[in-house]
Amino acid sequence: MGISSFCGRETSFSDILVDLVVHLEMESDDEAVKNAQVVEARARNISHNVRCTECGSQSIEDSQADVAILLRKLIRDEIRSGKSDKEIFKKLEDDFGETVLYAPRFDMQTAALWLSPFLVAGAAAGVWAYQKHRQKTNVHIMALNLVRGVPLTPKEKETMLDVLTPPSPPGRRRWWGLL
């Protein structure tokens with residue numbers, strides 16, 4: 001006889017046990033799917049930041065080279081064994097060198113690489129500021145102001161600049177577009 005009646009149906013102990021086992025299996029399947037998704041997401045993230053040693057211009061995620069396929073498998077195995085992303089990057093760097101990473105560390109050897117965009121931008125800003133200053137400052141006008149003791153009016157300054165500024169040679173422009 002059944003243990004209890006559920007919706008007019010007799011439920012036996014074996015039915016309850018079967019339902020419990022099925023429910024636990026479904027939970028374990030859901031957990032396995034979640035774990036697989038986490039492993040896959042971490043592996044893709046790491047793979048996008050590792051350069052293919054054969055191609056050089058592609059990440060191992062995008063490359064179909066044999067070594068890239070092996071590295072992707074290695075990364076997934078390392079994740080499943082419980083290693084952190086940092087430990088995996090360190091292992092890859094130790095095995096293949098720092099050039100395998102798309103984002104090298106900031107240290108004394110890579111300082112020029114990291115700082116070069118700022119140095120180039122600073123130099124360009126300096127050249128631009130110097131050119132602007134040179135265009136606005138004319139030694140002859142400054143000397144004339146000192147001799148007269150009274151600053152020139154804007155109209156006089158314009159006339160003096162027209163007279164004192166040599167004409168630019170025809171067809172000759174600097175590469176940055178300034179006359």
(request) Give the ranking of Val67, Val147 by solvent-accessible surface, highest area first, calculated with a 1.4 Å probe. (result) Val147, Val67
(request) Step through the residues of segment 119-125 one at a time and calculate ³J(HN,Hα) from phi using the Karplus curve (6.51 cos²θ - 1.76 cosθ + 1.60, θ = phi - 60°), rounding each to whole Hz and writing x for Gly and Pro. (result) 5, 5, 5, x, 5, 5, 5
(request) Pull out the extension gain between Leu74 and Glu98, defined as 0.36 nm times the separation in residues minus the alpha carbon to alpha carbon distance; nm, one decimal. (result) 6.9 nm
(request) Mind grabbing the accessible area of Tyr130 for me, 1.4 Å probe, Å², rounded to tens? (result) 130 Å²
(request) Using amide H atoms built 1.01 Å from N in the peptide plane, name the residues 5+ places from Ser59, or on other chains, whose amide H lies under 5 Å from its own. (result) Cys52
(request) Calculate the spin-label point distance for Arg134 paired with Leu164, positioning each point 7 Å from the Cα along the beta-carbon direction, and give it in nanometres. (result) 1.6 nm
(message) How far apart, in nanometres, would the label points at His48 and Ala125 be if each is projected 7 angstrom from Cα along the Cα-to-Cβ direction?
(response) 3.1 nm
(message) So if I take the alpha carbon set of segment 21-96, get Rg, then get Rh from the Kirkwood formula, what is the Rg over Rh ratio?
(response) 1.11
(request) Please list, in chain and number order, the residues 5+ apart from Leu101 or on another chain whose amide H is under 5 Å from its amide H, with Hs placed from the backbone. (result) Arg51
(request) Enumerate the calculated ³J(HN,Hα) couplings along segment 39-51 in order (Karplus 6.51 cos²θ - 1.76 cosθ + 1.60, θ = phi - 60°), each rounded to whole Hz, writing x wherever the residue is Gly or Pro. (result) 4, 5, 5, 5, 5, 5, 4, 5, 4, 5, 9, 10, 7
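The values are calculated or read from the model by the stated rules, or taken from the named source; none is laboratory data. Everything quoted here is computed from the prediction, not taken from an experiment. Note that each Cβ is placed from the backbone with ideal geometry, even for glycine, and that neighbours are counted across all protein chains shown. The area values use the complete protein model at the heavy-atom level, side chains included, leaving out ligands, DNA and RNA. Shrake-Rupley method; radii C 1.70, N 1.55, O 1.52, S 1.80 Å.
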